Amino acid sequence: MAPKVLKLEDLPIPEPGPGEVRLRVKALGLNRAEVMFRQGQYLYAPELPSQLGYEASGTVEAVGPDVDATWLGKTVSTVPSFRLTDYGVYGEVAIVPTFALAEYPVNLSYEQGTSIWMQYITAYGALIHFGKLNSNDFVLITAASSSVGLAAIEIANAGGAISIATTRTSAKKAELLAAGADYVIATDEEDLVARVNQITAGKGARIVFDPIAGKGLEALAAATAVSGIIFEYGALATDPTPYPLFPALSKHLTIKAYTLFEIVPYPALLAKAKQYIYEHLAAGDFNPRIDKSFPLEQIVEAHRYMETNAQIGKIVVTV
């Protein structure tokens, strides 16, 4: 499917329906999923004309007929828990379902408040909920300069694990080390498998957290420990993804396709994830990193910037 045009339009102020609120948007957090959705490369196709956007922060200014009025005036952000064909938050206001609302710590800015849920729930679901992270686990985190990658580094550190971050070149090495990575591998310049074996004394990484897929999965399988697990949570690669059958058989690997939608639709799981994130935000273990901020009228430029892969952390749009 060909890429679609991203543009702003003036529309009438919408009214919330049952189970919905209207959010006065203050900041938007951009995500790779939104770029892929616009390009027709996401898990489902847009129904044009389409809204766009998973994450926003702001204040609730109107509620639907059956919605608890105590939401009015509250500062909230949106949890990515809806289909982009149903809701989207890009704009000065957004209609969002109440199940997607979450308050966040008052010490965070609007820009930080919109930079919490996608990154931390995604990393939490893989590393904590499914991966059962243990202290001293080796965790291999690819594309580590993304907001989700940085969140995974923070979660590994909070759990006493050892994080091995990857990036394509040495340009981001120093910043990833400063962000808390224990080791950084520049995959265009170093042998990934050899470096992981060196770091882990030949054991390999018990958990691999990868949004790239493609042919690189073969090297990741070679770098994974016996009985380890590889989480594939994205599809950034443009080449096909081969299944590494012999490494998987010989090392009893689990290769799991994963998205945060294995967590967010289930109230009990989502509540547990939120509590974990709140506790670590309060403890100072988690600090959402803003790479660059754009005004709303430059949202096209913000998307173009995301496509360069130059960012380290979250790209935010202010309203």
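The values are calculated or read from the model by the stated rules, or taken from the named source; none is laboratory data. Every value quoted in this text rests on a predicted model; they were computed, and no experiment measured them. With ideal geometry, Cβ positions are generated from the backbone for all residues, glycine too; neighbour counts draw on all protein chains shown.
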### Query
Within the stretch 198-240, how many residues turn out to be touching a Lys or Arg at 6+ places or on another chain (Cβ under 8 Å) and of a type in the set (S, T, N, Q)?
2
### Task
Kindly establish whether PRO12 is without any contact (Cβ under 8 Å) to a residue 24 or more places away in the chain, surrounded by fewer than 13 Cβ atoms within 10 Å (Cβ to Cβ) and either among the acidic types (Asp, Glu) or not assigned by TED's automatic domain parsing to the domain that holds VAL89 (or both).
yes
### Message
Step by step: first the residues of the stretch 218-240, then only those that are more than 17 Å from the chain's Cα centre (by Cα) and buried (at least 23 other Cβ atoms within 10 Å of the Cβ), then the one that is farthest from ARG168 (Cα to Cα). Which residue is that?
### Response
GLY228
### Message
Go through the stretch 89-109 and report how many residues are over 23 Å from LYS272 (Cα atoms) and either in a helix (DSSP H, G or I) or touching a Phe, Trp or Tyr at 6+ places or on another chain (Cβ under 8 Å) (or both).
### Response
3
### Message
Can you find a residue that is closer than 28 Å to PHE209 by Cβ and either part of a helix (DSSP H, G or I) or charged (D, E, K, R) (or both) anywhere in the stretch 61-79?
### Response
no
### Query
in contact (Cβ under 8 Å) with a residue 24 or more places away in the chain and under 24 Å from VAL148 (Cα atoms) - does that describe any residue in the stretch 61-73?
no
### Message
Is it the case, given these coordinates, that ALA165 is over 18 Å from ILE290 (Cα atoms) and either touching a strand residue (DSSP E or B) at 6+ places or on another chain (Cβ under 9 Å) or surrounded by fewer than 18 Cβ atoms within 10 Å (Cβ to Cβ) (or both)?
### Response
yes
### Summary
If you go through GLU34, GLU15, GLU47, the only one that is of a type outside the set (Gly, Ala, Ser) and within 15 Å of ALA235 (Cα to Cα) is GLU34
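Identify, please: which residue in the stretch 8-60 is in a loop (DSSP other than H, G, I, E, B) and of a type in the set (S, T, N, Q) and is, among those, nearest to VAL316 (Cα to Cα)?
Of all residues in the stretch 8-60, those in a loop (DSSP other than H, G, I, E, B) come to 8-19, 30-31, 39-54.
Still in the running and of a type in the set (S, T, N, Q): 31, 39, 41, 50-51.
On the way: ASN31: 9, GLN39: 20, GLN41: 22, SER50: 21, GLN51: 18 Å.
It comes out as ASN31.
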### Task
Working only within the stretch 284-308, note down all residues that are under 19 Å from ALA123 (Cβ atoms) and in contact (Cβ under 8 Å) with a residue 24 or more places away in the chain.
ASP285, PHE286, ASN287, PRO288, ARG289, ILE290, ASP291, MET306
### Query
How about the stretch 235-250: which of its residues are of a type outside the set (Phe, Trp, Tyr) and either touching a helix residue (DSSP H, G or I) at 6+ places or on another chain (Cβ under 7 Å) or not in a loop (DSSP other than H, G, I, E, B) (or both)?
ALA237, THR241, PRO242, PRO244, LEU245, PRO247, ALA248, LEU249, SER250
### Task
Looking only at the stretch 296-307, decide whether some residue is among the hydroxyl-bearing types (Ser, Thr, Tyr), modelled with pLDDT of 95 or more and not in a strand (DSSP E or B).
yes
### Message
What's the number of the only condition in (1) touching a Gly at 6+ places or on another chain (Cβ under 6 Å); (2) buried (at least 16 other Cβ atoms within 10 Å of the Cβ); (3) not polar (S, T, N, Q) that ILE212 fails to meet?
### Response
(1)
### Query
Out of all the residues in the stretch 42-50, is one or more assigned by TED's automatic domain parsing to the domain that holds MET306, surrounded by 20 or more Cβ atoms within 10 Å (Cβ to Cβ) and in contact with a helix residue (DSSP H, G or I) (Cβ under 9 Å, 6 or more places away or on another chain)?
no
### Query
Being surrounded by 15 or more Cβ atoms within 10 Å (Cβ to Cβ) and within 24 Å of ALA33 (Cα to Cα), is that true of even one residue in the stretch 243-254?
no
